[in-house]
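Here's the structure, in structure tokens; my notes come after.
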Amino acid sequence: MCGIIGYIGQRNPKEILLDGLKNLEYRGYDSAGIALKNENDIQIIKSVGKISILEEKLNHTKLIDSHIGIAHTRWATHGEPNEKNAHPHKVGKITLVHNGIIENAAELKEKLQKEGVEFQTTTDTEVIAALINYHYKKSMEQALQKAIKELKGSYALAILSDDEPDSLYAIRCESPLILGIGEKEYFVTSDIGAILKQTRNYVLLGKNEIVHLTSNDYTITKNGKEIKRNVETSSLTSEDADLHGYEHYMLKEIMEEPVLVENLIEKYSNNFDLLPDLKKYKHIHIVGCGSAYYAGMIGKNFLEDDGLKVDIDVASEYRYRNITYDKDTLVILISQSGETADTIAAMRKAIENKVDTLAIVNVDGSTIARECTYKVLIEAGREVAVATTKAFILQVLILSLLSYKVNKEKEYLEDLKHIPQQLKVLLDKSGYYKKLADAIYTQEDVFFIGRKVDYAISLEGSLKLKEVSYIHSDAYQAGELKHGTISLVRNGTIVFGIVTDDEIRDKTISNLEEVISRGANPIYVGVEDCPYENKIIVPRVHKKLQPLLVVPALQMIAYYVAYKRDCDIDKPKNLAKSVTVE
Ligand code: F6R
């Protein structure tokens, strides 16, 4: 994971880099660092913890005058999160920041050690710096090309050389990296969001491409040959990354759901031709990670009800399974970022097997958006909170629309129109969610149970709660609890019963009764009133739309529980927004 940003131009880079890092913090936040450069010097400053700690340190340090800089926020993979392991790393004349993983780092390190190179850290990043420095004789370009040939893995780099007073180099291999184009200034970054305050113009870099930036110009090369690429303009603005008065991005992003849902409905309900037709496929595989996988699980329920043959897997498993592909198979890859390493590997496996792929993604221009046969953008705008909320809802909406296109049930369209308004009304009940949060926030264990689509909803409700509040929580198929886990139910244990599917309503209620008789305190989430004291009743809508009204309520509860527990809601510990390592 990790986020990188680099600047070269006329201005002092400190504030630009710090602001960029704050926008990249969602990619990892256990340490951070910055390198500033002028004709004679390079100054490196690092700190453990959030960007605010680095900022504090920079404010108390005498900084050199400079017009070039690189910076990094880290999510540790090789070596613990301490100041020594934080980026930038400097070896000899080379200073760099790195996002990604070098798979053959140990091998390269051994080789370099035999040549007399000494290492200060256990990071793979120091190995890259040492390798480039080793190959550096006169030409940086040549040193970088040689290093690319030897490095295995996924990485993006921003690099400075002691010998070049007006140069910044960057390399992209698998990990995301874009080049930002300003007025007489340039940027490199893992995510356009980090530079939106400076420019909306950017160039996408391809695999193994090297970009050489000076204050006046840039050149992109691959294997020594120059490459021309179009400058594109992002539709995002820096506004997308602001809190707009909310205390946390998670709440802001949940509150955006009605409008975003309405936008997508407007776009597709007037023109279903914009969506691919799934009827022509004999077999559908759905693949994603975490919440994206749970969105897929909801989609699988929809599509199976349409009579399609659907398999689903988490990407980290799918990529290693022995799969016999039917000829008419479609693989649907779901990903907010479009850069999740396992989902990319799953996509490439499908492509190698010559079957069609469909990306359901948020970030246009991301690897998954670019490489799939078809793409449908969920148009969520920027999602900053590490825990996904609005992107999840929009992924489910797209799957629901795709499913409608298969069977075209009339009642669906009628209900679809009302969803944004109904969602808005549900989200306005924050007082009620806060009250439920009061009953939950002191718990040690929480369970969610449901069957079929309600089980998929339970998984997402449970993940959201545990990742932001740190309360242990698990989801079970309602019929499965009594096969072991019910022994954990104590007096007062909170058990959410998700009961939206009429076909299996009575069964799930019976399972809820089983835990109640063992002391559990139920929270019923359904479409019909019930005698339980704690309940969330949402309007009954077409079953392919129902999750769109239920999951947001669970997101609100997770938010308020985390709030009451004083958690770092937008940046839960140990997590990163975009998981670009395996
Ligand atoms: C949970 C969450 C993660 C992501 C997962 C996939 O709130 O956000 O589980 O859903 O890491 O990320 P993307 O969708 O970017 O592939």
### Query
Between the stretch 228-268 and the stretch 330-364, how many Å separate their Cα centres?
22
#### Entry: Tilt relative to the chain, helix 453-469 - C-alpha long axis, 0 to 90 degrees, to 10
50
### Message
What distance in nm separates the two pseudo spin-label positions at Asn82 and Lys57, each 7 Å out from Cα along the beta-carbon direction?
### Response
1.4
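Please work out how much length the chain gains when fully extended from Thr221 to Asp445, using 0.36 nm per residue of separation minus the C-alpha to C-alpha distance, in nm with one decimal.
75.2 nm
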### Task
Work out the charge dipole of the stretch 249-564 with +1 on the Cβ of Lys and Arg and -1 on the Cβ of Asp and Glu about the Cα centre, then indicate which of Asn491, Gln555, Val538 is farthest towards its positive end.
Gln555
### Message
Tell me the relative contact order for the chain as a rounded percent, counting alpha carbon contacts under 8 Å between residues six or more apart.
### Response
12
### Query
Per 10 Å bin, what is the whole-percent P(r) computed from every C-alpha pair distance within the stretch 395-454?
16, 30, 33, 17, 4
### Mean separation of Cα contacts under 8 Å, 6 or more apart, over the residue count of the stretch 249-564: relative contact order %
18
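Kindly sort Val425, Val310 by accessible area of their heavy atoms, largest first, with the probe set to 1.4 Å.
Greatest to least solvent exposure: Val425, Val310.
Over the alpha-carbon set of the stretch 1-73, divide Rg by the Kirkwood Rh and report the Rg/Rh ratio to two decimals. Spell out each step's value before the answer.
Numbers: Rg = 11.3 Å, Rh = 12.0 Å.
Reported Rg/Rh, Kirkwood definition of Rh: 0.94.
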### Message
Along each principal axis of its Cα atoms, how long is the chain end to end? Whole angstroms, biggest number first, please.
### Response
77, 51, 45
### Summary
The Rg/Rh figure for the stretch 144-219, Cα atoms and Kirkwood Rh, to two decimals is 0.96
### Task
Read phi for every residue in the stretch 115-127 and hand back ³J(HN,Hα) as whole Hz from Karplus 6.51 cos²θ - 1.76 cosθ + 1.60, θ = phi - 60°, with x for Gly and Pro.
8, x, 6, 9, 10, 9, 10, 9, 8, 6, 5, 5, 5
### Query
Leaving out ligands, DNA and RNA, what percent of the accessible area of the chain is carbon and sulfur, probe 1.4 Å?
46
### Query
What whole-number value in cubic angstrom gives the convex hull volume per residue for the C-alpha atoms of the stretch 296-365?
94
### Message
Once each part is reduced to its C-alpha centroid, what is the distance from the stretch 388-437 to the stretch 280-298 in angstrom?
### Response
18
#### Entry: With eigenvalues of the C-alpha gyration tensor scaled by 5 and rooted, the stretch 102-168, Å
19, 13, 11
### Query
Scaled to the compact-protein estimate 2.2 N^0.38 Å, what is the alpha-carbon radius of gyration of the stretch 249-564, rounded to two decimal places?
0.96
### Task
Tell me which residues come under 5 Å, amide H to amide H, from Phe496 once H is placed; ignore anything under 5 positions away on its chain.
Phe447, Phe448, Ile449, Ile523
### Task
Any chance you could list P(r) for the stretch 3-240, counting all Cα-Cα pairs in 5 angstrom bins from zero, rounded to whole %?
1, 7, 16, 21, 22, 18, 11, 4, 1, 0, 0
### Query
Where does the Debye-calculated log10 I(q)/I(0) of the stretch 327-472 sit at q = 0.09, 0.12, 0.18 Å⁻¹, using only Cα point scatterers of equal weight, no solvent?
-0.38, -0.67, -1.25
### Task
Only helical DSSP H runs with n ≥ 4 go in: add -39500 (n - 2.57) per run for the chain, normalise by residue count and round the 222 nm mean residue ellipticity to 500 deg cm²/dmol.
-11000 deg cm²/dmol
## Note on the structure
Phi angles of the stretch 52-67, converted by Karplus (6.51 cos²θ - 1.76 cosθ + 1.60, θ = phi - 60°) into ³J(HN,Hα) in whole Hz with x for Gly and Pro, give 4, 6, 4, 4, 4, 5, 5, 5, 9, 10, 7, 9, 6, 5, 7, 9
### Query
Which of the trypsin sites (Lys or Arg not before Pro) found in the stretch 372-426 are in a DSSP loop and have at most 15 neighbouring Cβ atoms, other than their own, within 10 Å?
Lys408
#### Entry: Ranked packing of 85-98, 505-518, most packed first, by mean Cβ within 10 Å
85-98, 505-518
### Most to least packed among 292-300, 191-199 [average Cβ atoms within 10 Å]
292-300, 191-199
### Query
Under a point spin-label approximation (7 Å from Cα along Cα-to-Cβ), what is the Glu262-Lys573 distance to one decimal in nm?
4.1
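The values are calculated or read from the model by the stated rules, or taken from the named source; none is laboratory data. It should be emphasised that the depicted structure is a prediction, and the values quoted were computed from it without experimental measurement. Virtual Cβ from ideal backbone geometry, glycine too; neighbours counted across all protein chains shown. Areas reflect the complete protein model, heavy atoms only, side chains present, ligands, DNA and RNA absent. Shrake-Rupley method; radii C 1.70, N 1.55, O 1.52, S 1.80 Å.
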